[in-house]
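The values are calculated or read from the model by the stated rules, or taken from the named source; none is laboratory data. This structure is a prediction, so every number in the text was calculated from the model and none was measured. So basically every Cβ, Gly included, is an ideal-geometry build from the backbone, and we count neighbours across all protein chains shown. Surface areas here come from the heavy atoms of the whole protein model, side chains and all, with no ligands, DNA or RNA. Shrake-Rupley method; radii C 1.70, N 1.55, O 1.52, S 1.80 Å.
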Amino acid sequence: MNYDEAVAYLDRHIELGWKPGLERIHRLLEMMGSPHLRSPAIHITGTNGKTTVTTVASSVLDAMGLKSGTFTSPHLERVEERFKVAGETATPEQFAEAVTDVAPFVDLLEAETGERATYFELTTAAAFALFAHEAVDVAVVEVGMGGRLDATNVLESQVAVVTGVSIDHEEYLGTTEVEIAHEKLAILKTGGVLVTGSLSEDVGLAADRRAEQVGTVRRKVGWDFRIEDLRMSVGGWSYDLDGIYEQYDDLYVPLHGRHQAANAAVAVAAVEELFGRALPPEAVRDGLARTTVPARVEVVGRAPLVVLDGAHNPQAATALAGTLREEMPAASWTLVVGAFRDKDIHSMLAPFAGLVGQAIATAADHERAADPSDLVVALERVLPGIPVTWVRPVPAAVTLAKEWSGAEGAVLVTGSFYVAGEARTALVG
C-alpha cells in the first residue's frame, strides 16, 4: 500500500468504534509473531496527562542514547502522528509499510473469527509492527481509553504509569473515581512497577492494593519523588526534581501549566524505574528541554494571541483555566469551543467563568461532535452575559474569533483534540 491506501484501509474500520476486549488484538499479534513482546515497555494511562508523560519519557530515553518507540492517541492532524521512532514522527512511507505489514493478518483474523478489527486495534498493531521493524530499545505506549480492556493492554510492561484519575468516559469505565481507577490500574502486571501522579485518597488506596495484589511496589509523586523550587520561566517551568534514585537540578520543561512540571516528573520516575537506578542528569535535562506536545496550551499565533488546548473533560478544563489565569493574566479571551455529545459540557465550561469575554461554538468533522446550537445553549447558561454565536467548520470559527478579538486580544480554542487539530491545520499547516 502507499500512504493514501493505508489511510483508506484504516478509515474503513472507523465506524466500528470502540469494542472492548483483548481477544482480537491478542490473536492478531500472535499471528504477527508477537512484535509487542520484543522490547521492554513503559505503559501509561490516566484521565489526563498521558501524552505528555509518554512524550517526556521517550525524550529522556532518546537523550540517553537509546531508540524509543512511542505510541500515542488521538492524532491531531495526520494519523502517523501516533507513531514516533527516536522522537521523530513516522514518515508516510514508514506508516504505510506498517499498515501493509498488518493488513494480511487482519484479513486472516476477520476470516477466522467473523469479527472486524477496530481502528484502534489496527493502529496499535501497526505501532508494534513499526517498533519491531525499527528495533526500538524501549516502547513507550499510551493507553487509548481506560486500561483493562484497551488494545494496548497486551503489553507485558516493566513499568505501569497512572498519571491521575477523574471522571470521564463514564459509559465505558464507571461512574466513580474508584471504579475508573480499577480499569486503569489493570495495566500493572506481575513483576512491573507502578508509578503514579497525584491521586485522591481512595484512588491511592486502590493503587496500593493493586500493587500488593501483583506483588510489586508503587512509586508516588510527593513521596518517592518530588518537585522542589518550582518557578515559572519563559515559555515553561523550571524546577529541581528529587527523584527516586537521584537529585536532578536545573530542569526546564518548555510547556505551559504547572501541572506539566508534575507530568514530566512522573515521566522521569517511570524511566528511573525501568532501569532501577539513577539516570544521567544531563540526559534528564536535555530530554525535558526538547519536549514538545502540540495542543497542550500551545501558542500558535500572535496579534491576536491564539492558544490551542485539547481539554475535553472538567479536570483538564480546570487545569487549562488555571494556567491561563496564572501565566497569561492580561489576556481578554474569545473562546472557540467544540465538544463531543457525551461530554459534561456544563462542567467543562464552568472554569472559564470570568475569564472569557465572548464565545463561539463550533463542531469538528466527527460523527460524535455535539451540535453547535446545543453548545450555544450551554454557553448562555454557564457563562451568562457574554456575546455567543456558533460557526462551523472550525477554521471559520477561528477566523471569526480573531476578527472579534482584534490584534490586542486573545483566542482560546478548546473542548476536543479534534477541534484543536482542525484549528491547528488551519493556523499552522
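Cβ-Cβ distances below 7 Å connect the following pairs, each with a first residue in segment 95-113 that is over 25 Å from Glu81 (Cα atoms), a second residue that is open to solvent by less than 10 Å² (accessible area, probe 1.4 Å) and at pLDDT 95 or above, and a separation of six or more residues or different chains: Leu109/Leu28. If you filter segment 403-429 down to residues that are among the small types (Gly, Ala, Ser) and more than 17 Å from the chain's Cα centre (by Cα), you find that the one that is farthest from Ala353 (Cα to Cα) is Gly429.
Annotation: Val306 fulfils all but one of (1) part of a strand (DSSP E or B); (2) of a type outside the set (D, E, K, R); (3) farther than 30 Å from Val394 by Cβ; the unmet one is (3). Scanning segment 187-234 for residues that are of a type in the set (Gly, Ala, Ser), over 20 Å from Glu142 (Cα atoms) and open to solvent by 30 Å² or more (accessible area, probe 1.4 Å) returns Ser200, Gly215, Gly222, Ser233. The set of residues from segment 321-343 being among the small types (Gly, Ala, Ser) and not in a helix (DSSP H, G or I) comprises Ala330, Ala331, Ser332, Gly338, Ala339. Just one of the listed residues (Arg285, Arg341) is at pLDDT below 95, among the charged types (D, E, K, R) and open to solvent by 20 Å² or more (accessible area, probe 1.4 Å), and it is Arg341. Here Arg148 meets each of (1) within 30 Å of Leu66 (Cα to Cα); (2) within 17 Å of the chain's Cα centre (by Cα); (3) not hydroxyl-bearing (Ser, Thr, Tyr); (4) not in a helix (DSSP H, G or I) with one exception, condition (2).
One residue is enough: does segment 172-185 have a residue meeting the conditions touching a residue at least 60 places away in the same chain (Cβ under 8 Å) and in contact with a Gly (Cβ under 6 Å, 6 or more places away or on another chain)? Yes, some residue in segment 172-185 is touching a residue at least 60 places away in the same chain (Cβ under 8 Å) and in contact with a Gly (Cβ under 6 Å, 6 or more places away or on another chain). Could we say that His133 is open to solvent by 10 Å² or more (accessible area, probe 1.4 Å), of a type outside the set (Phe, Trp, Tyr), within 17 Å of Leu29 (Cβ to Cβ) and in contact (Cβ under 8 Å) with a residue 24 or more places away in the chain here? Taking the combined requirement at face value, the residue satisfies it.
Residue-wise test of (1) assigned to a loop (DSSP other than H, G, I, E, B); (2) more than 18 Å from Ala295 (Cα to Cα); (3) open to solvent by 30 Å² or more (accessible area, probe 1.4 Å).
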| residue | (1), (2), (3) |
| --- | --- |
| Arg392 | yes, yes, yes |
| Val398 | no, no, no |
| Trp404 | no, yes, yes |
| Val413 | no, no, no |
| Val419 | no, no, no |
| Ala423 | no, no, no |
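Taken over segment 241-256, the criterion of being surrounded by 16 or more Cβ atoms within 10 Å (Cβ to Cβ) and out of contact with any Lys or Arg (no Cβ under 8 Å at 6 or more places or on another chain) is satisfied by Gly243, Glu246, Val253, Pro254. For segment 344-366, the set of residues classified as open to solvent by less than 40 Å² (accessible area, probe 1.4 Å) and assigned to a helix (DSSP H, G or I) consists of Ile345, Met348, Leu349, Pro351, Phe352, listed by residue number. Of the listed requirements (1) under 22 Å from His259 (Cα atoms); (2) open to solvent by 10 Å² or more (accessible area, probe 1.4 Å); (3) modelled with pLDDT of 95 or more, Val162 misses just one: (2). Of the residues making up segment 379-429, those that are among the acidic types (Asp, Glu) and within 24 Å of Ser347 (Cβ to Cβ) are Glu380, Glu422.
Of all the numbered requirements in (1) farther than 29 Å from Asp242 by Cα; (2) aliphatic (A, V, I, L, M); (3) out of contact with any strand residue (DSSP E or B) (no Cβ under 9 Å at 6 or more places or on another chain), Ala206 misses one, and that requirement is (1). Scanning segment 319-338 for residues that are open to solvent by 50 Å² or more (accessible area, probe 1.4 Å) and acidic (Asp, Glu) yields one hit, Glu326. Scan segment 10-62 for residues that are within 27 Å of Pro294 (Cα to Cα) and β-branched (Val, Ile, Thr) and jot them down. Ile14, Ile42, Ile44, Thr45, Thr47, Thr51, Thr52, Val53, Thr54, Thr55, Val56, Val60 - these are the residues of segment 10-62 that are within 27 Å of Pro294 (Cα to Cα) and β-branched (Val, Ile, Thr). Taking the criterion of being within 22 Å of the chain's Cα centre (by Cα) and surrounded by 17 or more Cβ atoms within 10 Å (Cβ to Cβ), the residues of segment 367-378 that qualify are Ala369, Ala370.
Scanning segment 277-320 for residues that are closer than 20 Å to Leu400 by Cα and acidic (Asp, Glu) turns up Glu298, Asp309. Taking the numbered list (1) within 19 Å of Thr45 (Cα to Cα); (2) in contact with a Lys or Arg (Cβ under 8 Å, 6 or more places away or on another chain); (3) open to solvent by less than 10 Å² (accessible area, probe 1.4 Å) in turn, Val140 passes all entries but (2). The strands (runs of 3 or more DSSP E) falling completely within segment 1-112 that include 3 or more residues that are open to solvent by less than 10 Å² (accessible area, probe 1.4 Å) and among the aliphatic types (A, V, I, L, M) map to 41-45.
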